[in-house]
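The block underneath contains the structure these notes are about, expressed in structure tokens.
The values are calculated or read from the model by the stated rules, or taken from the named source; none is laboratory data. All values reported here derive from a predicted model rather than from experimental measurement. Methodologically, a virtual Cβ is constructed for each residue, glycine included, from the backbone with ideal geometry; neighbour enumeration extends over all protein chains shown. Quick note on the areas: whole protein, heavy atoms, side chains included, nothing else; ligands and nucleic acids left out. Shrake-Rupley method; radii C 1.70, N 1.55, O 1.52, S 1.80 Å.
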Amino acid sequence: HLNAYFALASFKEAGNRKVRNALWMRSLFLDIDCGAGKYPKKQAAVKALGAFIEATGMPTPWILDSGGGVHVYWPMTEAVPIPEWKSLAENLKRLCKQHEFNIDFTVTADAARVLRIPSTFNWKIEGQPRLVSVKCIGEPRHVPYADLVACVSRTLKEPYKEPPSLLSAAGAPLPRST
């Protein structure tokens, strides 16, 4: 049995899923782990997500039961260059921390990240296949990048500062693709 995943970014070279090869991202995402030392059950994770959304004004996300935890997606209406997306993702991580929302902080700003595919099985625990399925709270939609930036920035106390190496040679973020 195989575990099935998909990459969230678009890459320059096929077969090279490294951060330095990532060009564009069309989603903001979270991974919420469940189990020992984390949220005890998925219901507790989804409840914490609901409280986070209410406190921050974030739009309704797509929610995926990953078989072991919860994946959360805010698909964007446009593809965003990795440097701009990275800044937004880092700020989302900071906002989660500010609200004591326990996510896997290594996932949210990782442009090379792969996550599970709905209607497949999570085989992480040998002999215990767990169905991966889409769950939702309300009506999720695709969100403009600018709206996500506004939501994340509205209550964030300490914004992420982009390192100079993430900017283009001209010193500005790369243009977006539609």
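For segment 59-75, name all the residues that are open to solvent by less than 10 Å² (accessible area, probe 1.4 Å), more than 15 Å from C151 (Cα to Cα) and out of contact with any Asp or Glu (no Cβ under 9 Å at 6 or more places or on another chain).
If the condition is that a residue be open to solvent by less than 10 Å² (accessible area, probe 1.4 Å), more than 15 Å from C151 (Cα to Cα) and out of contact with any Asp or Glu (no Cβ under 9 Å at 6 or more places or on another chain), then I63, L64, G67 are the ones that fit.
Return the residues of segment 1-31 that are exposed (fewer than 13 other Cβ atoms within 10 Å of the Cβ), among the hydrophobic types (A, V, I, L, M, F, W, C) and assigned to a loop (DSSP other than H, G, I, E, B); say none if nothing qualifies.
Listed by number, the residues that qualify are L2, A14.
Can you tell me which residues in segment 112-154 are touching a Pro at 6+ places or on another chain (Cβ under 7 Å), open to solvent by 70 Å² or more (accessible area, probe 1.4 Å) and among the aliphatic types (A, V, I, L, M)?
V134
Out of F101, F105, which single residue is hydrophobic (A, V, I, L, M, F, W, C), closer than 22 Å to A48 by Cβ and either open to solvent by less than 30 Å² (accessible area, probe 1.4 Å) or not in a loop (DSSP other than H, G, I, E, B) (or both)?
Exactly one of F101, F105 is hydrophobic (A, V, I, L, M, F, W, C), closer than 22 Å to A48 by Cβ and either open to solvent by less than 30 Å² (accessible area, probe 1.4 Å) or not in a loop (DSSP other than H, G, I, E, B) (or both), namely F101.
Regarding segment 32-52, can at least one residue be identified that is closer than 25 Å to V132 by Cβ, modelled with pLDDT of 95 or more, in contact with a Pro (Cβ under 9 Å, 6 or more places away or on another chain) and part of a helix (DSSP H, G or I)?
Yes, some residue in segment 32-52 is closer than 25 Å to V132 by Cβ, modelled with pLDDT of 95 or more, in contact with a Pro (Cβ under 9 Å, 6 or more places away or on another chain) and part of a helix (DSSP H, G or I).
Going through A111, A170 one at a time, which residue ends up being farther than 21 Å from I53 by Cβ and at pLDDT 90 or above?
Only one candidate passes the filter, namely A111.
Can you pull out the residues in segment 76-86 that are open to solvent by 20 Å² or more (accessible area, probe 1.4 Å) and in a strand (DSSP E or B)?
Of everything in segment 76-86, those that are open to solvent by 20 Å² or more (accessible area, probe 1.4 Å) and in a strand (DSSP E or B) turn out to be T77, E78.
Within segment 88-98, work out how many residues are open to solvent by less than 40 Å² (accessible area, probe 1.4 Å) and over 12 Å from the mean Cα position of the chain (by Cα).
Counting residues in segment 88-98 that are open to solvent by less than 40 Å² (accessible area, probe 1.4 Å) and over 12 Å from the mean Cα position of the chain (by Cα) gives 1.
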